[in-house]
Amino acid sequence: MIKKIREYREEAENFAGTSAEEIESFRIRFLGKKGIVNGILQEFKSVSNEEKKELGQEINSLKNAVAEKLEQLKPEKKTNSTRKPEDLSRPAYPFSLGSRHPVNIVRNKIINIFKSIGFSVADGPEIEDDWHNFTALNLPEHHPARDMQDTFFVERDPDILLRTHTSSVQIRYMENNTPPIRILAPGRVFRNEAISSRSHCIFHQIEGLYIDKNVSFADLKQTLQFFTRELFGQSKIRLRPSFFPFTEPSAEVDVYWGLNSETDRRITKGTGWLEIMGCGMVDPAVLENVNVDPDEYSGYAFGMGIERIVMLLYQMGDIRILFENDVRMLEQFRAL
Ligand code: PHE
(Lines give C-alpha, C1' and ligand atoms only; values in the text may rest on other atoms or scores of the structure.)
Protein backbone atom coordinates (compact mmCIF):
# COMPACT_ATOMS: atom_id res chain seq x y z
CA MET A 1 0.00 0.00 0.00
CA ILE A 2 2.84 2.31 0.80
CA LYS A 3 4.27 1.70 -2.61
CA LYS A 4 0.97 2.62 -4.21
CA ILE A 5 0.78 5.84 -2.25
CA ARG A 6 4.30 6.79 -3.27
CA GLU A 7 3.42 6.21 -6.90
CA TYR A 8 0.44 8.47 -6.57
CA ARG A 9 2.63 11.10 -4.93
CA GLU A 10 5.07 10.91 -7.79
CA GLU A 11 2.21 11.26 -10.23
CA ALA A 12 0.96 14.33 -8.38
CA GLU A 13 4.42 15.87 -8.27
CA ASN A 14 4.93 15.35 -11.96
CA PHE A 15 1.56 16.62 -13.01
CA ALA A 16 2.07 19.30 -15.65
CA GLY A 17 -1.37 20.23 -16.89
CA THR A 18 -1.95 23.87 -17.75
CA SER A 19 -5.55 24.42 -18.79
CA ALA A 20 -8.23 25.07 -16.23
CA GLU A 21 -10.02 21.82 -17.13
CA GLU A 22 -6.89 19.70 -16.75
CA ILE A 23 -6.17 21.19 -13.37
CA GLU A 24 -9.74 20.71 -12.21
CA SER A 25 -9.80 17.06 -13.23
CA PHE A 26 -6.45 16.60 -11.46
CA ARG A 27 -7.99 18.03 -8.32
CA ILE A 28 -11.05 15.80 -8.58
CA ARG A 29 -8.94 12.71 -9.30
CA PHE A 30 -7.03 13.18 -6.06
CA LEU A 31 -9.23 15.13 -3.70
CA GLY A 32 -12.74 14.54 -4.99
CA LYS A 33 -15.29 12.60 -2.95
CA LYS A 34 -14.50 9.39 -4.72
CA GLY A 35 -10.90 10.44 -5.37
CA ILE A 36 -7.65 8.69 -4.61
CA VAL A 37 -7.06 10.22 -1.18
CA ASN A 38 -10.47 9.27 0.12
CA GLY A 39 -10.03 5.78 -1.31
CA ILE A 40 -6.79 5.33 0.57
CA LEU A 41 -8.37 6.62 3.76
CA GLN A 42 -11.06 3.94 3.43
CA GLU A 43 -8.39 1.25 3.25
CA PHE A 44 -6.50 2.89 6.08
CA LYS A 45 -9.30 1.98 8.48
CA SER A 46 -8.57 -1.73 8.15
CA VAL A 47 -4.79 -1.76 8.63
CA SER A 48 -3.14 -2.72 11.92
CA ASN A 49 -2.15 -0.13 14.46
CA GLU A 50 1.59 -0.57 13.91
CA GLU A 51 1.19 0.12 10.23
CA LYS A 52 -1.03 3.10 10.82
CA LYS A 53 1.77 5.37 11.92
CA GLU A 54 3.92 5.00 8.84
CA LEU A 55 0.95 4.86 6.53
CA GLY A 56 -0.50 8.05 8.04
CA GLN A 57 2.70 9.92 7.30
CA GLU A 58 2.67 8.73 3.71
CA ILE A 59 -0.93 9.78 3.23
CA ASN A 60 -0.17 13.19 4.62
CA SER A 61 2.76 13.69 2.34
CA LEU A 62 0.58 12.70 -0.63
CA LYS A 63 -2.06 15.23 0.42
CA ASN A 64 0.61 17.90 0.80
CA ALA A 65 2.06 17.13 -2.60
CA VAL A 66 -1.34 17.52 -4.23
CA ALA A 67 -2.09 20.76 -2.37
CA GLU A 68 1.32 22.15 -3.26
CA LYS A 69 0.84 21.34 -6.90
CA LEU A 70 -2.56 23.03 -7.01
CA GLU A 71 -1.07 26.10 -5.31
CA GLN A 72 1.75 26.21 -7.84
CA LEU A 73 -0.64 26.03 -10.74
CA LYS A 74 -2.96 28.71 -9.43
CA PRO A 75 -1.43 31.77 -11.15
CA GLU A 76 -1.31 29.88 -14.42
CA LYS A 77 -4.96 29.08 -13.93
CA LYS A 78 -5.68 32.82 -13.88
CA THR A 79 -3.88 33.65 -17.10
CA ASN A 80 -5.67 30.79 -18.77
CA SER A 81 -9.04 32.01 -17.67
CA THR A 82 -11.28 34.07 -19.88
CA ARG A 83 -10.79 37.34 -17.93
CA LYS A 84 -9.18 40.08 -19.95
CA PRO A 85 -6.17 41.93 -18.55
CA GLU A 86 -6.87 45.42 -17.16
CA ASP A 87 -7.09 48.18 -19.74
CA LEU A 88 -4.19 50.37 -18.69
CA SER A 89 -5.29 53.26 -20.85
CA ARG A 90 -8.64 53.58 -19.07
CA PRO A 91 -9.04 56.98 -17.30
CA ALA A 92 -8.71 56.76 -13.49
CA TYR A 93 -11.79 56.80 -11.31
CA PRO A 94 -12.63 60.36 -10.16
CA PHE A 95 -11.34 60.95 -6.66
CA SER A 96 -13.02 63.63 -4.59
CA LEU A 97 -11.28 65.53 -1.84
CA GLY A 98 -13.18 67.43 0.82
CA SER A 99 -12.64 71.12 1.37
CA ARG A 100 -12.92 73.43 4.32
CA HIS A 101 -15.50 76.13 4.63
CA PRO A 102 -13.91 79.56 4.10
CA VAL A 103 -15.14 80.69 7.53
CA ASN A 104 -13.24 77.79 9.04
CA ILE A 105 -10.13 78.49 7.02
CA VAL A 106 -10.00 82.11 8.14
CA ARG A 107 -10.92 81.24 11.72
CA ASN A 108 -7.97 78.83 11.87
CA LYS A 109 -5.63 81.38 10.33
CA ILE A 110 -6.58 83.96 12.93
CA ILE A 111 -6.23 81.46 15.77
CA ASN A 112 -2.79 80.40 14.55
CA ILE A 113 -1.56 83.98 14.39
CA PHE A 114 -2.55 84.65 17.99
CA LYS A 115 -1.37 81.24 19.16
CA SER A 116 2.09 82.13 17.94
CA ILE A 117 2.18 84.96 20.49
CA GLY A 118 0.87 82.98 23.42
CA PHE A 119 -2.93 83.08 23.20
CA SER A 120 -4.97 79.95 23.78
CA VAL A 121 -8.54 79.12 22.78
CA ALA A 122 -11.44 79.21 25.26
CA ASP A 123 -14.98 77.98 24.77
CA GLY A 124 -18.40 78.73 26.21
CA PRO A 125 -22.11 78.07 25.68
CA GLU A 126 -24.13 79.60 22.84
CA ILE A 127 -27.18 79.87 25.08
CA GLU A 128 -26.31 82.38 27.78
CA ASP A 129 -27.78 84.11 30.77
CA ASP A 130 -28.12 87.85 31.08
CA TRP A 131 -25.18 88.16 33.48
CA HIS A 132 -22.51 86.72 31.18
CA ASN A 133 -23.77 88.31 27.98
CA PHE A 134 -24.67 91.76 29.33
CA THR A 135 -24.62 92.68 33.01
CA ALA A 136 -21.09 91.55 33.87
CA LEU A 137 -19.90 93.36 30.77
CA ASN A 138 -21.02 96.66 32.22
CA LEU A 139 -24.32 96.62 30.34
CA PRO A 140 -26.94 96.93 33.09
CA GLU A 141 -30.62 96.45 32.33
CA HIS A 142 -32.21 99.26 30.31
CA HIS A 143 -28.77 100.44 29.21
CA PRO A 144 -29.26 101.89 25.74
CA ALA A 145 -26.17 100.07 24.45
CA ARG A 146 -28.12 96.80 24.65
CA ASP A 147 -29.93 97.99 21.56
CA MET A 148 -26.65 97.82 19.63
CA GLN A 149 -27.07 94.07 19.68
CA ASP A 150 -30.63 93.03 18.97
CA THR A 151 -31.08 89.93 21.00
CA PHE A 152 -32.89 86.63 20.46
CA PHE A 153 -34.44 85.60 23.77
CA VAL A 154 -35.07 81.98 24.67
CA GLU A 155 -36.86 82.86 27.92
CA ARG A 156 -37.72 86.09 29.76
CA ASP A 157 -37.47 86.79 33.51
CA PRO A 158 -34.90 85.58 34.20
CA ASP A 159 -33.56 86.15 30.71
CA ILE A 160 -31.97 83.30 28.81
CA LEU A 161 -30.73 84.30 25.39
CA LEU A 162 -28.58 83.40 22.41
CA ARG A 163 -25.25 85.08 23.00
CA THR A 164 -24.83 88.24 20.96
CA HIS A 165 -21.03 88.18 21.17
CA THR A 166 -18.34 85.86 22.53
CA SER A 167 -17.43 88.42 25.20
CA SER A 168 -19.55 86.14 27.41
CA VAL A 169 -16.79 83.54 27.12
CA GLN A 170 -14.30 86.09 28.43
CA ILE A 171 -16.45 86.69 31.52
CA ARG A 172 -16.72 82.96 32.17
CA TYR A 173 -13.00 82.53 31.74
CA MET A 174 -12.13 85.39 34.09
CA GLU A 175 -14.54 84.02 36.69
CA ASN A 176 -12.73 80.69 36.70
CA ASN A 177 -9.10 81.68 36.17
CA THR A 178 -6.67 84.16 37.64
CA PRO A 179 -4.44 86.52 35.62
CA PRO A 180 -2.28 86.44 33.61
CA ILE A 181 -4.98 85.58 31.07
CA ARG A 182 -4.43 85.47 27.34
CA ILE A 183 -7.32 83.87 25.47
CA LEU A 184 -9.19 83.83 22.20
CA ALA A 185 -12.90 83.16 22.13
CA PRO A 186 -14.03 82.02 18.69
CA GLY A 187 -17.62 80.98 18.15
CA ARG A 188 -21.08 81.45 16.75
CA VAL A 189 -23.08 84.48 17.79
CA PHE A 190 -26.68 85.51 17.15
CA ARG A 191 -28.27 88.87 16.45
CA ASN A 192 -31.76 89.71 15.45
CA GLU A 193 -30.78 91.80 12.48
CA ALA A 194 -32.45 92.40 9.15
CA ILE A 195 -30.76 90.29 6.53
CA SER A 196 -28.93 92.40 4.01
CA SER A 197 -25.99 91.68 1.76
CA ARG A 198 -23.68 92.62 4.65
CA SER A 199 -25.39 91.23 7.73
CA HIS A 200 -26.78 87.93 8.94
CA CYS A 201 -28.56 86.71 12.07
CA ILE A 202 -25.98 84.04 12.80
CA PHE A 203 -22.33 84.73 12.30
CA HIS A 204 -18.94 83.96 13.79
CA GLN A 205 -16.74 86.06 15.99
CA ILE A 206 -13.29 85.85 17.43
CA GLU A 207 -12.65 87.89 20.50
CA GLY A 208 -9.36 88.22 22.35
CA LEU A 209 -8.56 89.10 25.95
CA TYR A 210 -5.28 89.82 27.67
CA ILE A 211 -5.17 90.57 31.41
CA ASP A 212 -1.93 91.02 33.32
CA LYS A 213 -0.01 93.60 35.34
CA ASN A 214 0.88 96.79 33.45
CA VAL A 215 -0.94 96.00 30.18
CA SER A 216 -1.25 99.23 28.24
CA PHE A 217 -2.88 100.57 25.12
CA ALA A 218 0.54 100.42 23.43
CA ASP A 219 0.53 96.62 23.92
CA LEU A 220 -2.86 96.46 22.27
CA LYS A 221 -1.73 98.51 19.30
CA GLN A 222 1.43 96.46 18.77
CA THR A 223 -0.51 93.21 18.94
CA LEU A 224 -3.02 94.46 16.39
CA GLN A 225 -0.26 95.61 14.08
CA PHE A 226 1.37 92.20 14.28
CA PHE A 227 -1.99 90.55 13.61
CA THR A 228 -2.87 92.64 10.56
CA ARG A 229 0.59 92.17 9.09
CA GLU A 230 0.28 88.40 9.45
CA LEU A 231 -3.26 88.20 8.08
CA PHE A 232 -3.35 90.91 5.40
CA GLY A 233 0.37 91.45 4.82
CA GLN A 234 -0.33 95.01 5.90
CA SER A 235 0.52 96.57 9.24
CA LYS A 236 -0.66 100.09 8.46
CA ILE A 237 -3.64 100.47 10.77
CA ARG A 238 -5.49 103.32 12.39
CA LEU A 239 -7.52 103.41 15.57
CA ARG A 240 -10.63 105.54 15.64
CA PRO A 241 -12.17 106.45 19.00
CA SER A 242 -15.36 104.50 19.58
CA PHE A 243 -17.60 103.26 22.36
CA PHE A 244 -18.16 99.87 23.93
CA PRO A 245 -19.61 99.56 27.43
CA PHE A 246 -17.00 96.98 28.44
CA THR A 247 -13.89 98.86 27.31
CA GLU A 248 -12.55 102.30 28.12
CA PRO A 249 -11.03 103.81 26.09
CA SER A 250 -12.47 102.02 23.05
CA ALA A 251 -11.48 102.11 19.43
CA GLU A 252 -12.42 100.82 16.04
CA VAL A 253 -9.54 99.34 14.03
CA ASP A 254 -9.13 100.13 10.33
CA VAL A 255 -6.54 98.45 8.15
CA TYR A 256 -5.12 100.18 5.10
CA TRP A 257 -6.27 98.26 2.05
CA GLY A 258 -5.08 100.59 -0.69
CA LEU A 259 -6.78 101.89 -3.80
CA ASN A 260 -5.04 99.98 -6.53
CA SER A 261 -8.07 98.69 -8.39
CA GLU A 262 -11.71 99.44 -8.99
CA THR A 263 -12.60 96.61 -6.59
CA ASP A 264 -10.47 98.25 -3.88
CA ARG A 265 -12.43 101.45 -4.37
CA ARG A 266 -15.70 99.59 -4.03
CA ILE A 267 -14.65 97.61 -0.98
CA THR A 268 -13.29 100.63 0.88
CA LYS A 269 -15.89 103.08 -0.43
CA GLY A 270 -13.12 105.11 -1.99
CA THR A 271 -11.19 105.74 1.23
CA GLY A 272 -8.57 102.98 1.08
CA TRP A 273 -9.37 102.06 4.71
CA LEU A 274 -11.34 99.09 6.00
CA GLU A 275 -12.87 98.62 9.40
CA ILE A 276 -12.03 95.18 10.76
CA MET A 277 -12.69 95.12 14.50
CA GLY A 278 -13.51 96.78 17.80
CA CYS A 279 -11.13 96.94 20.72
CA GLY A 280 -10.22 98.75 23.92
CA MET A 281 -8.87 98.55 27.45
CA VAL A 282 -11.07 96.37 29.65
CA ASP A 283 -13.25 98.64 31.79
CA PRO A 284 -12.30 98.44 35.50
CA ALA A 285 -15.97 97.84 36.30
CA VAL A 286 -15.83 94.61 34.27
CA LEU A 287 -12.73 93.45 36.15
CA GLU A 288 -14.50 94.12 39.45
CA ASN A 289 -17.47 92.06 38.30
CA VAL A 290 -15.26 89.00 37.95
CA ASN A 291 -13.22 89.67 41.11
CA VAL A 292 -10.05 90.84 39.43
CA ASP A 293 -8.51 93.81 41.23
CA PRO A 294 -8.36 96.72 38.74
CA ASP A 295 -5.66 98.44 40.81
CA GLU A 296 -3.37 95.47 40.27
CA TYR A 297 -4.34 94.31 36.81
CA SER A 298 -5.29 95.85 33.51
CA GLY A 299 -5.98 94.38 30.12
CA TYR A 300 -7.21 94.81 26.61
CA ALA A 301 -9.90 93.11 24.56
CA PHE A 302 -10.74 93.02 20.90
CA GLY A 303 -13.42 91.42 18.78
CA MET A 304 -14.03 90.83 15.11
CA GLY A 305 -16.57 89.19 12.85
CA ILE A 306 -15.02 86.33 10.90
CA GLU A 307 -17.40 86.57 7.94
CA ARG A 308 -16.42 90.16 7.39
CA ILE A 309 -12.75 89.21 7.21
CA VAL A 310 -13.54 86.30 4.88
CA MET A 311 -15.37 88.70 2.57
CA LEU A 312 -12.39 91.04 2.57
CA LEU A 313 -9.77 88.37 2.02
CA TYR A 314 -11.67 86.65 -0.79
CA GLN A 315 -13.38 89.79 -2.10
CA MET A 316 -16.93 88.52 -1.78
CA GLY A 317 -19.72 91.01 -2.18
CA ASP A 318 -22.48 89.17 -0.35
CA ILE A 319 -22.35 87.47 3.05
CA ARG A 320 -25.16 85.08 2.10
CA ILE A 321 -22.73 83.17 -0.12
CA LEU A 322 -21.16 81.93 3.11
CA PHE A 323 -24.39 80.43 4.43
CA GLU A 324 -25.88 78.86 1.33
CA ASN A 325 -23.35 76.02 1.33
CA ASP A 326 -23.43 75.76 -2.43
CA VAL A 327 -20.94 73.02 -3.20
CA ARG A 328 -19.81 74.82 -6.36
CA MET A 329 -18.69 77.69 -4.16
CA LEU A 330 -17.21 75.58 -1.36
CA GLU A 331 -15.17 73.48 -3.77
CA GLN A 332 -13.19 76.52 -4.80
CA PHE A 333 -11.54 76.67 -1.40
CA ARG A 334 -10.05 73.20 -1.64
CA ALA A 335 -6.51 74.32 -2.25
CA LEU A 336 -6.42 77.05 0.36
N1 PHE B 1 -18.12 92.43 21.79
C2 PHE B 1 -18.02 93.45 20.79
C3 PHE B 1 -19.08 93.20 19.74
O4 PHE B 1 -19.55 92.12 19.60
C5 PHE B 1 -16.68 93.48 20.13
C6 PHE B 1 -15.61 93.95 21.06
C7 PHE B 1 -14.92 93.04 21.80
C8 PHE B 1 -15.30 95.28 21.18
C9 PHE B 1 -13.94 93.46 22.68
C10 PHE B 1 -14.32 95.72 22.01
C11 PHE B 1 -13.64 94.81 22.77
O12 PHE B 1 -19.46 94.12 19.06
TODO: Restrict the check to segment 112-123 and report whether at least one residue is surrounded by 15 or more Cβ atoms within 10 Å (Cβ to Cβ) and not in a helix (DSSP H, G or I).
DONE: yes
Open item on the list: Let me confirm something: among GLU207, GLU193, GLU175, which residue is assigned to a strand (DSSP E or B) and either in contact (Cβ under 8 Å) with a residue 60 or more places away in the chain or out of contact with any Lys or Arg (no Cβ under 9 Å at 6 or more places or on another chain) (or both)?
Closed with: GLU207
TODO: Keeping to segment 270-315, report how many residues are among the hydroxyl-bearing types (Ser, Thr, Tyr) and within 16 Å of the ligand (Cβ to nearest atom).
DONE: 2
TODO: Inspect segment 319-333 for any residue being buried (at least 16 other Cβ atoms within 10 Å of the Cβ), in contact (Cβ under 8 Å) with a residue 40 or more places away in the chain and in a loop (DSSP other than H, G, I, E, B) and give the result as yes or no.
DONE: yes
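The rows are residues; the columns are (1) within 20 Å of PHE119 (Cα to Cα); (2) surrounded by 14 or more Cβ atoms within 10 Å (Cβ to Cβ); (3) touching a Pro at 6+ places or on another chain (Cβ under 9 Å).
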site	(1), (2), (3)
ASP254	no, yes, no
SER261	no, no, no
GLY270	no, no, no
ILE276	yes, yes, no
LEU287	yes, yes, yes
ASP293	no, no, no
- [ ] Enumerate the pairs (first residue in segment 290-306 and without any contact (Cβ under 8 Å) to a residue 40 or more places away in the chain; second residue anywhere and surrounded by 14 or more Cβ atoms within 10 Å (Cβ to Cβ) and among the β-branched types (Val, Ile, Thr)) with beta-carbon separation below 9 Å, excluding pairs fewer than 6 apart on the same chain, so at least 6 apart or on different chains.
- [x] PRO294/VAL282; PRO294/VAL286
Task: Which numbered condition ASN214 misses (of (1) touching a residue at least 60 places away in the same chain (Cβ under 8 Å); (2) away from the ligand (no atom under 16 Å from the Cβ); (3) in a loop (DSSP other than H, G, I, E, B); (4) under 29 Å from the mean Cα position of the chain (by Cα)) - done: (4)
TODO: For segment 217-265, name all the residues that are in contact with a helix residue (DSSP H, G or I) (Cβ under 7 Å, 6 or more places away or on another chain), outside any strand (DSSP E or B) and either more than 30 Å from GLU296 (Cα to Cα) or among the polar types (S, T, N, Q) (or both).
DONE: GLU230, LEU231, GLN234, SER235, TRP257, GLY258, LEU259
Task: segment 126-169, residues that are in a loop (DSSP other than H, G, I, E, B) and free of Cβ contacts under 8 Å to residues at least 40 places away in the same chain - done: PHE134, PRO140, GLU141, HIS142, ARG156, ASP157, PRO158, ASP159, ARG163, THR164
TODO: Only residues in segment 37-53 that are closer than 22 Å to GLU11 by Cβ count as the first member; pair them with residues that are at pLDDT 85 or above and among the acidic types (Asp, Glu), Cβ under 9 angstrom, at least 6 apart or cross-chain, and list the lot.
DONE: ILE40/GLU58
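The values are calculated or read from the model by the stated rules, or taken from the named source; none is laboratory data. Here the structure is a predicted model, which is why all the values come from computation and not from measurement. Backbone-built Cβ (ideal geometry, glycine too); neighbour counts: all protein chains shown.
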